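Peer 1: Questions regarding the structure given below will be posed in turn.
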Amino acid sequence: MTDEMWEIIQPLLPARDLRKGGGMRKYGDRLVLDSVFYVLRSGCRWRMLPRDLMPWDAAHRWFTKWRRDGTWDRVHDELRRQVRVGAGRDPEPSAAVIDAQSIKTSEGGEARGFDAGKRTTGRKRHVIVDTMGLLLLFVAVTSASVQDRAGGRIVLARLAAGFRTVSLVWADGGYANSVDSTLLSWARDALNIVVEIVKRTDDVKGFKVLPRRWVVERVRREALVDRVEVKDLHQSAVAAARLKLRAA
């Protein structure tokens, strides 16, 4: 982590309450972040942290503590607001883009299945970003066999609960087709959110940049810089989602 990054993040981390007592901390917050970010970027196991960082058990303990008390979410949300305001936008978004991606898993465990469309055995991660490509909420992780429409209900429900300002969501054709378009009516009636499908034209082959959807496609591509994103190494879908959220 650079000094410039630390100056931005440090004020957002929880301050220690000295009234609760306790001894001096052996490891500072910056070293905690460096250790967690190393695991994300390298894709290594916690026990393989280099010796110039924190002991693996201490790093994992702080990672877990900040997850449980909401520190990661608060830091992420505040940084997103700062970026939006700096770009001349409102702090909270009014529109979003949803997408899903199947990723291979090297381990067994829960929520593991086969995506027939992508011919991938593993898990599927569902994300929602704003129109700038900034992650809005927790990444939902399901079996790869779960249809986008079913996973979309999970993510959209969380979006409606956490971002009441969002009234429009763009999605690809996997979320509604001529056979099943119930997600659109459900989102409109139950959540007061309009889901608009951005489709590819049938006469275009290969890659094509699609309006609105390109921002979430870019997020998925940039996430692969972190090796932990390339292949899911976790046996638990919940554990996989927690680290994926940190990578965002």
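The values are calculated or read from the model by the stated rules, or taken from the named source; none is laboratory data. Not measured: the values here are computed from a predicted model. Note that we place each Cβ from the backbone using ideal geometry, even for glycine, and neighbour counts take in every protein chain shown. These accessible areas exclude ligands, DNA and RNA; they are computed on the full protein's heavy atoms, side chains included. Shrake-Rupley method; radii C 1.70, N 1.55, O 1.52, S 1.80 Å.
Peer 1: For region 101-114, name all the residues that are at pLDDT below 75 and either under 21 Å from Leu156 (Cα atoms) or surrounded by 22 or more Cβ atoms within 10 Å (Cβ to Cβ) (or both).
Peer 2: If the condition is that a residue be at pLDDT below 75 and either under 21 Å from Leu156 (Cα atoms) or surrounded by 22 or more Cβ atoms within 10 Å (Cβ to Cβ) (or both), then Thr105, Ala111 are the ones that fit.
Peer 1: Counting just the residues of region 163-197 that are out of contact with any strand residue (DSSP E or B) (no Cβ under 8 Å at 6 or more places or on another chain) and assigned to a loop (DSSP other than H, G, I, E, B), which one comes out most open to solvent (accessible area, probe 1.4 Å)?
Peer 2: Filtering region 163-197 for residues that are out of contact with any strand residue (DSSP E or B) (no Cβ under 8 Å at 6 or more places or on another chain) and assigned to a loop (DSSP other than H, G, I, E, B), the one most open to solvent (accessible area, probe 1.4 Å) comes out as Arg164.
Peer 1: Looking at (1) at negative phi; (2) at pLDDT 70 or above, which is the one condition that is false for Gly122?
Peer 2: (1)
Peer 1: Next question, about the same structure. Scan (1) in contact (Cβ under 8 Å) with a residue 60 or more places away in the chain; (2) surrounded by 15 or more Cβ atoms within 10 Å (Cβ to Cβ); (3) not β-branched (Val, Ile, Thr) for the single condition Leu79 breaks and write down its number.
Peer 2: (2)
Peer 1: Does region 44-55 contain at least one residue that is under 30 Å from Val198 (Cβ atoms), touching an Asp or Glu at 6+ places or on another chain (Cβ under 8 Å) and among the aliphatic types (A, V, I, L, M)?
Peer 2: no
Peer 1: Looking at region 1-56, which of its residues are in contact (Cβ under 8 Å) with a residue 24 or more places away in the chain, part of a loop (DSSP other than H, G, I, E, B), open to solvent by 40 Å² or more (accessible area, probe 1.4 Å) and hydrophobic (A, V, I, L, M, F, W, C)?
Peer 2: If the condition is that a residue be in contact (Cβ under 8 Å) with a residue 24 or more places away in the chain, part of a loop (DSSP other than H, G, I, E, B), open to solvent by 40 Å² or more (accessible area, probe 1.4 Å) and hydrophobic (A, V, I, L, M, F, W, C), then Met1 is the only one that fits.
Peer 1: Could you tell me which residue of region 135-162 is least open to solvent (accessible area, probe 1.4 Å), considering only residues that are in a loop (DSSP other than H, G, I, E, B) and in contact (Cβ under 8 Å) with a residue 60 or more places away in the chain?
Peer 2: Ranking the candidates gives Val139 first.
Peer 1: Looking at Leu18, is it over 30 Å from Gln147 (Cβ atoms) and modelled with pLDDT under 90?
Peer 2: Criteria met by Leu18.
Peer 1: Going by what's in this entry, would Gly86 be described as of a type in the set (Gly, Ala, Ser) and open to solvent by less than 30 Å² (accessible area, probe 1.4 Å)?
Peer 2: no
Peer 1: Here's a follow-up. Looking at Met132 and the list (1) open to solvent by 20 Å² or more (accessible area, probe 1.4 Å); (2) part of a loop (DSSP other than H, G, I, E, B); (3) modelled with pLDDT under 85, which single condition is not satisfied?
Peer 2: Checking Met132 against (1) open to solvent by 20 Å² or more (accessible area, probe 1.4 Å); (2) part of a loop (DSSP other than H, G, I, E, B); (3) modelled with pLDDT under 85, the one that fails is (3).
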